[in-house]
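The values are calculated or read from the model by the stated rules, or taken from the named source; none is laboratory data. Predicted, not measured: the structure shown is a model, and the values here were computed from it. Backbone-built Cβ (ideal geometry, glycine too); neighbour counts: all protein chains shown. Surface accessibility is based on the protein's heavy atoms, side chains included, excluding ligands, DNA and RNA. Shrake-Rupley method; radii C 1.70, N 1.55, O 1.52, S 1.80 Å.
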Amino acid sequence: MRDEVLDEPGEIALADASEKVPGKDLEEVVEGMPERMRDDMRKVLGYLDNLFDELPDEKVKEFASSEYYDIYSRLFKELGI
């Protein structure tokens, strides 16, 4: 898995990291997903959230201060987790 920094604040990276959706916000992307995919994302995000309990505080703080935390938080909100 490779890290990617998005060029625009509203840009969403899709499964293929080279494919981006300019101007589409997270809510639009989530709403356009099939229900099964949203359910799968809820399960995976819930699992990952539980893994944070096993990480050292330093790593959790590192993640919380990263650009990825905002995406992670928005996904939780949009998916109703």
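From the list M33, M37, the lone residue that is modelled with pLDDT of 80 or more, open to solvent by 90 Å² or more (accessible area, probe 1.4 Å) and of a type in the set (A, V, I, L, M, F, W, C) is M37. Is there any pair linking a residue in segment 53-65 that is on the phi < 0 side of the Ramachandran plot to one that is in a helix (DSSP H, G or I) and modelled with pLDDT under 95, with Cβ under 9 Å and at least six apart or on different chains, and which? Close Cβ pairs (under 9 Å, with a partner that is in a helix (DSSP H, G or I) and modelled with pLDDT under 95) amount to D53/V60; L55/F63; K59/F52; V60/F52; F63/F52; F63/Y69; F63/Y72.
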